[in-house]
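See below for the structure under consideration.
The values are calculated or read from the model by the stated rules, or taken from the named source; none is laboratory data. Since the model is a prediction, treat every value here as computed from it, not as a measurement. Virtual Cβ from ideal backbone geometry, glycine too; neighbours counted across all protein chains shown.
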Amino acid sequence: MIYNNPESKLYKFLCFLFVIIILSFVIYQNSFFTQTVNKIFLDTQNFIHYFYNDIRPISDLANSVPNQHKSSNKESSKQDQITILKKDIFFNLHDPFLGDINAPYKIAFFFDYRCSYCKSISTKLIQRLQTEKDIKIIFKEFPILGPISILASKAALAANKQQKYYEIHQAFMDLKQPLSQDIIEDIAQKIGLNMEQFDQDMNDPEINTILSINQNSAEKLDITGTPTFIVDNLIIPGVIDPEEMVSLIKNQNIN
């Protein structure tokens, strides 16, 4: 009979062992395995957004010569849209910023706190730009990687009402573990926010308005990924060397 077959018993044992291993991984929710899976998932999301943020998709390269005139028209259209949206992009008084409010050069930084590309460039780029006294950095909260991203953006804008925006922004960008509501609240406490006011400000309609304006600008400019920068009428998608960014900024028209 089959149940007396040693090979059958070995097979059942191996199946049982496999199930135990899988259950162990499921139960051990806070394990290194779980954190690794979360990171892979986020990095995959980031790559998809980063890839599709390219102004000139890879799939179009084969037809680059015939489509050159079409691409030129598309870029011209984006430049026209930037001109139309200039007030929302560069002069929204509710946007957090670093630098002189009247600085002649301006850069708008669209980002998501869960975007690994944003995290890799943010600190170095901001530190470099701050050494240039004639550059204003405008932070455009653009949460596109899920509900926790939206919560983090709302928390940062709420912190801005207590003049603690950059502290919480930097803490989120430097974070090595996945963001969560508990971690957001813990960071808010650590940077010295009045938590009662913080909770109230998180629900301020003004914050939703800021996020809606950023989303609207991104949609009209075909910005679908982070990081993305806007300098004058130039859209710069993806990670960029800080020195190259300074050079690009200084080569633009002063407005």
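Restricting attention to the range 162-174, report how many residues are more than 18 Å from PHE142 (Cβ to Cβ) and surrounded by fewer than 20 Cβ atoms within 10 Å (Cβ to Cβ).
Matching residues across the range 162-174 total 5.
State whether one or more residues within the range 155-170 are small (Gly, Ala, Ser), outside any helix (DSSP H, G or I), in contact (Cβ under 8 Å) with a residue 24 or more places away in the chain and over 27 Å from GLU244 (Cβ atoms).
Within the range 155-170 (the criterion being small (Gly, Ala, Ser), outside any helix (DSSP H, G or I), in contact (Cβ under 8 Å) with a residue 24 or more places away in the chain and over 27 Å from GLU244 (Cβ atoms)), the answer is no, since none of the residues qualifies.
Step by step: first the residues of the range 91-106, then only those that are touching a residue at least 40 places away in the same chain (Cβ under 8 Å) and in contact with an Asp or Glu (Cβ under 9 Å, 6 or more places away or on another chain), then the one that is farthest from SER247 (Cα to Cα). Which residue is that?
Looking at residues that are touching a residue at least 40 places away in the same chain (Cβ under 8 Å) and in contact with an Asp or Glu (Cβ under 9 Å, 6 or more places away or on another chain), I get HIS94.
Here is a list: GLY192, GLY225. Which entry is closer than 19 Å to ILE138 by Cα, of a type in the set (Gly, Ala, Ser), outside any helix (DSSP H, G or I) and in contact with a helix residue (DSSP H, G or I) (Cβ under 9 Å, 6 or more places away or on another chain)?
Only one candidate qualifies: GLY225.
Residue check, PRO178 against (1) closer than 29 Å to GLN81 by Cα; (2) surrounded by fewer than 22 Cβ atoms within 10 Å (Cβ to Cβ); (3) touching a residue at least 60 places away in the same chain (Cβ under 8 Å), all met but one. Which one?
(1)
Within 22 Å of TYR117 (Cβ to Cβ), of a type outside the set (D, E, K, R) and surrounded by fewer than 20 Cβ atoms within 10 Å (Cβ to Cβ), is that true of LEU157?
Spelling it out, it is not the case that LEU157 is within 22 Å of TYR117 (Cβ to Cβ), of a type outside the set (D, E, K, R) and surrounded by fewer than 20 Cβ atoms within 10 Å (Cβ to Cβ).
Any chance the range 242-249 includes a residue that's under 26 Å from ARG128 (Cβ atoms), touching a residue at least 40 places away in the same chain (Cβ under 8 Å), of a type outside the set (A, V, I, L, M) and touching a His at 6+ places or on another chain (Cβ under 7 Å)?
The answer is no, given that none of the residues of the range 242-249 is under 26 Å from ARG128 (Cβ atoms), touching a residue at least 40 places away in the same chain (Cβ under 8 Å), of a type outside the set (A, V, I, L, M) and touching a His at 6+ places or on another chain (Cβ under 7 Å).
Does the range 245-253 include one or more residues that are assigned to a helix (DSSP H, G or I), at pLDDT 95 or above and among the charged types (D, E, K, R)?
So far as the range 245-253 goes, no, none of its residues is assigned to a helix (DSSP H, G or I), at pLDDT 95 or above and among the charged types (D, E, K, R).
Can you go through SER212, SER217 and tell me which one is at pLDDT 95 or above, of a type in the set (Gly, Ala, Ser) and loosely packed, with under 14 Cβ neighbours inside 10 Å?
Criteria check complete, one pass: SER212.
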